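The values are calculated or read from the model by the stated rules, or taken from the named source; none is laboratory data. Computed from a prediction, not measured in an experiment: that's the story for all the values here. Backbone-built Cβ (ideal geometry, glycine too); neighbour counts: all protein chains shown. The accessibility values were calculated without ligands, DNA or RNA, using every heavy atom of the protein model including side chains. Shrake-Rupley method; radii C 1.70, N 1.55, O 1.52, S 1.80 Å.
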Amino acid sequence: MKRTEQKWLSVFVENEIGVLARVSGLFSGKLYNLNSLTVGETESKDISRMTISLFSDDRTFEQVKHQLSNMIEVIQVIDYTNIPIHAKEVMYIKLPCHENSENEIVALKQRFAFSIIDRSEEKLLLESVNSELQNDQLIDQLRQYITKEIEVIRGGSVAIAGLTKE
């Protein structure tokens, strides 16, 4: 069995209509296990940067990089897998709130560095900008205290190469 692990790419593309659809179509057409894909304009208005996270074996990952590099709209593909990076994911969580759970949530806030950005008498809206792993752990911890359904919206990770070499 091939060993799969999380891999990261930063892809600079022309900022044109349809580029995102073509890149994401590459993943769906080949059945690659895409974890997240985020895209945004760079400091240059005609260039966008995609941060792509996927789980794959080395051979498949090399195919992905090769196929992306062959796309006309792709300017540069950077493999972030084996270099130090800084990556964050934005996540919103809407959850029921009552007196018993609010104390637990305040305690979690110190461990996971999230914000309570909105509240009503019955619900809280949390915003967490952390690593995917930290956001996963936050959800797991909240589920221990919240017995009702919670609503989770995740925006996918963005990443940039670190300034130091480990």
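Of note:
- Given (1) open to solvent by 20 Å² or more (accessible area, probe 1.4 Å); (2) under 19 Å from A21 (Cα atoms), index of the condition V64 fails: (1)
- Here region 140-166 is the region considered, the condition is being within 19 Å of K88 (Cα to Cα), of a type in the set (V, I, T) and at pLDDT 90 or above, and the residue that is surrounded by the most Cβ atoms within 10 Å (Cβ to Cβ) is V158.
- Within region 12-60, if we keep just the residues that are among the basic types (K, R) and more than 17 Å from the chain's Cα centre (by Cα), the residue that is modelled with the highest pLDDT turns out to be K45.
- Residue that is open to solvent by 50 Å² or more (accessible area, probe 1.4 Å), modelled with pLDDT of 90 or more and within 30 Å of V13 (Cβ to Cβ), where the choices are N70, N82: N70
- Here R49, R59, R22, R111 are screened, and the one residue that is among the basic types (K, R) and part of a strand (DSSP E or B) is R49.
- Selected residue [touching a Ser or Thr at 6+ places or on another chain (Cβ under 6 Å), among the aliphatic types (A, V, I, L, M) and farther than 25 Å from L142 by Cβ] from V23, V11, V39, V64: V39
- Residues being open to solvent by 40 Å² or more (accessible area, probe 1.4 Å) and on the phi > 0 side of the Ramachandran plot - total across region 2-53: 1
- Candidates are the residues of region 98-139 that are free of Cβ contacts under 8 Å to residues at least 40 places away in the same chain and open to solvent by less than 20 Å² (accessible area, probe 1.4 Å); the one that is farthest from R154 (Cα to Cα) is L108.
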